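> Here you go, one structure.
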Amino acid sequence: MASKAINGQSGRKKVAMHDGFLKHAGYRWLKISAAIMLVCIVSYMFIDVSPRHNGGSWYGYTLGTIGALLILWLTMLGVRKRAMTPGSWSLKAWTSAHIYLGLSLIVIGTLHTGFQLGWNIHTAAYVFMMIVIISGIVGIYFYVTIPKALSDNRDEMTETEMLENLRSLDRQLHEAAQPLSAGHAALVLQSLEQDPFGGGFFRRISGRYPDCATRQAQADLRRERAYQPKMGGDDPLDKVDALLEKKEATLARVRRHLKLKAMLQVWLFVHVPMTFALIAALTAHIISVFFYW
Amino acid sequence: MTFIVRQIATTADGREIIRSHPFAADEIGIGRSTTNAIHLPDLAVNPDHATIRKRDDGQIIVESTSGQNFTLDGKHRIAVTVDPSAGAELGFGGHVITVSEEGDDVVLTVKRVEALSDSAEIRSESTLYTLKGLLPGKRISAWGFVVLVLAAFLVWPIYSWATWRGVEERPDQFHADTMWSSGALSSAHHALEKDCQACHVDAFVTVKDETCLTCHTGDAHDHAAKPRLLAARGDPEGLEVIGAAFASAFNKPPGRCVECHSEHEGAGAMEPTAQKFCADCHDGMDGRLTDTKLENASDFGIAHPQFRPAVLVSPGGKNPPRTRISLDDKPTENNGLKFPHAMHLSRTGGVAQMGRRLSADYGFGDSLVCKDCHTPDANGVRFEPVDMKEDCSMCHSLAFDEIGGTVRTLRHGEPEMVQADLRAYYRSTGPSRPINLGGMARRRPGAGHEARVASDYARAVRFRPSRANLAIRQVFSPGGACFDCHGVTPPTAAGRVDYGIKPVSQTDRYMHNGWFSHEAHKEESCTSCHNAPASKSADDLLLPGIKTCRECHGGEFQKTADVPSTCAMCHDYHADDGAPWLIREEQKDKQQKPDRQIVRR
């Protein structure tokens, strides 16, 4: 994984050529985040707030202010990621900080509540925050585990190559099916006309396509030919069958690729809109507190 | 007339290649099979799909031979007649055949219009592998949520607030601003749960004391004047500066009711005042409130001043003057009575002996004990004043006459009546008659005796009323019934007997700012706190000092003490004559759950 520049020459400059956003700078942000959480927990236990801990004590205000500012800063990753720069405030450093400071928000936010939860806007804001954080954790998990699976599945094919592969097979199928009878041709046509990228979100994320026309066509052809004697010579159906099998294998690869890519993206469809819901709820939470002061 | 078939093919770079083939036949076939004149390499087309036949009038007939449809200008047909001069478009699968006329010839232009497979269609590869189009876009759902959340949690509640402004009591229905409530109200305020505006009157203005006082008219007097309270509390220290900064930045003046009576802390009774809350001001208060008469206090076990009971200065009157003296100064108190506790509680001697003799009538034991004279009041907190008739007269009889079995007693508390009754007694009774006066009794010889007895008796009768003065003087003098217990004022002039009784005041409560219940201490003996058996004078103030209390009571955090005690056990912020809040809540608890084992704090 991480390959380091060979020590030598200057003898002082060690540049990690590639370490991920989690390990960035020797887990610098993990350490900072852990320290923040520790300080929060210890101070929560030792600071005596009467009658009991809540968001309205001076300690609660402090945690609340830190938490709200942190949320806004974390949201800025969306802006920041569109402008890549190197250095200690590189996008990688920023992402690393985003992750670990985002996790520390679990402690800051929960202690800010003083464990007083109920059916109200304040808890709604907390719940939105937790949804954002949990979806983020899921995202981290996917980002750590999926790229390898993705790479294994691709087998050094690019996405363009996958598409070209499908097109080529379709052309060959079309060619090979020309001599077929109308009924057989219709089966092949089913396969040709089905959108390999269609089928909706749940097909995509599950990787299951029960109505796959290619598989259907092949199964139908095989069922029909199962008890037919081999005629010898060039049976165009043999070629079609072989091509359908190839297409099915390619489709399986494409679909696994689509599933993995969907997983890489799907958490963001929760994470991003919920972040905005959180900021709206946070606004309502803060305004309501001062409105009914 | 011939058929001219023009096949149009498109190269990869979009160029069109046109190939023309004339067919001088009357009928040509259309199909996927290469034997047809119009050969369509299209799987949607039947190997022998249709035929085109010329008619004599120049029109052509297109007819399906396979039973499969084709389209004419987009409409499904099985057989049609077409006028080539008018033109038409025939559709077979993914191919279109345009019919036209050139001179006498019918021109059939064949072109593929649909891609041969779905994947072959032109696609934008940048979005092909993404979820775009499969899920609602992030941007649109983000803004959707923002609008939804702000509308539900901000606009709607503000609308509720605005529409119900100035209404005295909101109706019992859902009000959107209750979504802002951070927790249930205490049980006393439960009825206000849906009426946010009962307390939160103006937007961005903190709950004001006036609002509280609209309901709490009689039960929320100030603990002290507000400037003094604020001075006693001092400036915020350390990290509390943060809270104070928030408060002043957002217009939250200090010292309001709600600062202590924090609401939305969950259902249930209000918590008793926390010790820390008292100590915030009373710990080292003399440094901030320099003119205070109160001594510093922060914890009963560690820092609490000696008790300063309100001691009688002189007895008498409805509100006799009292002064608060520290028990460390060993105050004495003259309540107007003479009562040596030691003598009465002694296990030997006359009092004990008299008690034993009267034990059958009054239930005394071997010697007198406290309860023989002291009666607890209705709720056991304090004691009824000692009453002469109830508590003393068993022994200290005021009887002076007996008529027909009825014992006459002197009237307690009315010295004039005592004097009058004694005079009446001497006026209405004669001296005892000598037995040898008159009658048939045996006499001594000689008339002189008889005459002397008679004259003595006559003199005695004559002076009998004047004997009353002597009796009165005796009653009010040492050894007399009044003098034994009371202070006596002498007659106004020599020779008179208009004695008076000095006033008596009994104290039922010495400590008005602290609470003490004898009921709560009934497991203890009286003498463990009140050293009455050793008290030889009624002037002794038999109140125990703080040292005695501390034998059991420690401060709030002295968990090793028998009874860790917070300030709230004896004191209340808004104190009245009754028990403090903590004790009342405890008693309520006992009433609600009689079976529960109450651990006395």
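Where a number appears in this text, it was derived from the coordinates with a stated rule and is not lab data. From a predicted model like this one, the values you see are computed outputs, not experimental measurements. Using ideal geometry, Cβ is built from the backbone for each residue, glycine included, and neighbour counts are taken over all protein chains shown.
> For the range B:488-504, just list the computed ³J(HN,Hα) in residue order, Karplus coefficients 6.51, -1.76 and 1.60, θ = phi - 60°, integers in Hz, with x standing in for Gly and Pro.
Once rounded to whole Hz, the list reads 10, 8, x, x, 6, 8, 4, x, 7, 10, 7, 5, x, 10, 5, x, 10.
> So for the protein assembly as shown, taking the charge dipole from beta-carbon charges (+1 Lys/Arg, -1 Asp/Glu), which of A:Phe201, B:Thr214, B:His200 sits furthest toward the positive end?
In the protein assembly as shown, that residue is B:Thr214.
> If you put +1 on each Lys and Arg Cβ and -1 on each Asp and Glu Cβ, how big is the dipole of the protein assembly as shown around its Cα centre, in Debye rounded to 20?
4040
> Ratio to report: Rg/Rh of the range B:147-270, with Cα atoms as the point set and Rh obtained by the Kirkwood method; give two decimals.
1.00
> Provide a whole-number value for the mean count of partner chain Cβ atoms within 10 Å of the Cβ atoms in peptide A:179-188.
4
> What aspartates and glutamates could a cross-link reach from B:Lys252, if we take a straight Cα to Cα line under 20 Å and drop same-chain neighbours fewer than 8 places away?
Filter leaves B:Asp202, B:Asp209, B:Glu210, B:Asp222, B:Asp235, B:Glu237, B:Glu240, B:Glu263, B:Glu265, B:Asp280.
> Karplus couplings for the range B:369-380 from phi (6.51 cos²θ - 1.76 cosθ + 1.60, θ = phi - 60°), rounded to Hz, Gly and Pro as x?
10, 3, 5, 5, 10, 9, 10, x, 7, 4, 9, x
> Using a 10 Å cut-off around each Cβ of peptide B:131-141, what is the average number of partner chain Cβ atoms that fall inside?
Partner Cβ neighbours, averaged per residue: 6.
> Something else: Distance from the Cα centre of the range A:239-293 to that of the range A:216-238, in angstrom?
42
> Can you tell which of A:Val132, A:Ile32, A:Leu91 lies farthest toward the positive end of the dipole of chain A, using +1 and -1 charges on the Cβ of basic and acidic side chains (Lys, Arg; Asp, Glu)?
With unit charges placed on the Cβ atoms, the residue in question is A:Ile32.
> Can you give the direction-averaged projected area of the convex hull of the alpha-carbon atoms in chain A, in nm²?
24.8
> Antiparallel DSSP bridges in the protein assembly as shown: what percent, to the nearest 5?
Around 85 percent of the beta bridges assigned by DSSP in the protein assembly as shown are antiparallel ones.
> Further question: Lys and Arg at +1, Asp and Glu at -1: add these up for the other residues within a Cβ distance under 14 Å of B:His282 and post the number.
Spelling it out: positives minus negatives among the neighbours equals -2.
> If amide hydrogens are placed 1.01 Å from N in the peptide plane, which non-local residues have theirs closer than 5 Å to the one on B:Val107?
Under 5 Å from the amide H of B:Val107 lie the amide H atoms of B:Ile4, B:Ser100, B:Glu101, B:Glu102, each far enough along the sequence or on another chain.
> Separate question: Projecting each Cα onto the charge dipole of the range B:3-112 (Lys/Arg +1, Asp/Glu -1 at the beta carbon, about the Cα centre), which of B:Ala25, B:Gly94, B:Val62 comes out farthest on the positive side?
B:Gly94
> Right, here's the next one. What per residue convex hull volume, in Å³, do the alpha-carbon atoms of chain B yield?
Dividing the Cα hull volume of chain B by its residues yields 380 Å³.
> Now for a different question. Just tell me how shielded A:264-276 is by partners: mean number of partner chain Cβ atoms within 10 Å of each residue's Cβ, no decimals.
The shielding value for this peptide is 5.
> Assign unit charges at the C-beta atoms only (+1 for Lys and Arg, -1 for Asp and Glu), then state the dipole size of the range B:302-431 relative to its Cα centre in Debye, rounded to the nearest 20.
Computed about the Cα centre, the dipole is about 260 debye.
> Right, another one. Near B:Gly29, within a Cβ-to-Cβ distance under 13 Å, what is the net charge of the other residues, with Lys and Arg +1 and Asp and Glu -1?
Around B:Gly29, the surrounding residues sum to -2.
> Counting other C-beta atoms within 10 Å, which of B:Asp576, A:Asp238 has the fewest, and how do the rest follow?
Taking fewest neighbouring Cβ atoms as first place, the list is B:Asp576, A:Asp238.
> If you find the alpha carbon centre of the range A:123-179 and of the range B:216-264, how far apart are they in angstrom?
Value for the Cα centre distance between the two parts: 60 Å.
> Taking amide H positions as placed 1.01 Å from N in the peptide plane, with prolines and chain starts having none, which residues 5 or more places from B:Arg324, or on another chain, fall under 5 Å of its amide H?
B:Val311
> With the cut-off at 32 Å, tell me which of the pairs A:Lys23/B:Lys138; A:Lys92/A:Lys259; B:Lys330/B:Lys588; B:Lys559/B:Lys590 have Cα atoms farther apart than that.
Violating the 32 Å Cα-Cα cut-off are B:Lys330/B:Lys588.
> Would you order B:Phe483, A:Phe291 from fewest to most other beta-carbon atoms within 10 Å of each residue's own beta-carbon?
Taking fewest neighbouring Cβ atoms as first place, the list is B:Phe483, A:Phe291.
> Only Lys, Arg, Asp and Glu count, each charged at its Cβ (+1, +1, -1, -1), so figure out the dipole size of the range B:147-270 about its Cα centre, rounded to 20 debye.
Value, rounded to 20: 240 debye.
> A further question on this structure: For B:Lys75, which aspartates and glutamates qualify as cross-link partners when the Cα separation must be under 13 Å and same-chain residues fewer than eight apart are set aside?
Within reach: B:Glu89.
> Could you give the Stokes-Einstein D for the range B:3-112 in µm² per second, using the C-alpha Kirkwood radius, 4 °C, 1.567 mPa s?
This corresponds to a translational diffusion coefficient of 93 µm²/s.
> May I ask you to list the GluC sites (Glu not before Pro) in the range B:231-296 that are in a DSSP loop and have at most 14 other Cβ atoms within 10 Å of their Cβ?
Listed in order of number, the matching sites are B:Glu237, B:Glu295.
> Under the Karplus relation 6.51 cos²θ - 1.76 cosθ + 1.60, θ = phi - 60°, what is the ordered set of whole-Hz ³J(HN,Hα) values for the range B:40-46, x standing for Gly and Pro?
Here the 3J(HN,Hα) series is 10, x, 9, 5, 7, 9, 5 Hz.
> Sorted from fewest to most neighbouring beta carbons within 10 Å, what does the list A:His257, A:His285 look like?
A:His257, A:His285
> Next question, about the same structure. So if I average 1/r over every pair of distinct C-alpha atoms in the protein assembly as shown and take the inverse, what Kirkwood radius in Å does that give?
One over the average 1/r among Cα pairs gives 40.4 Å for the protein assembly as shown.
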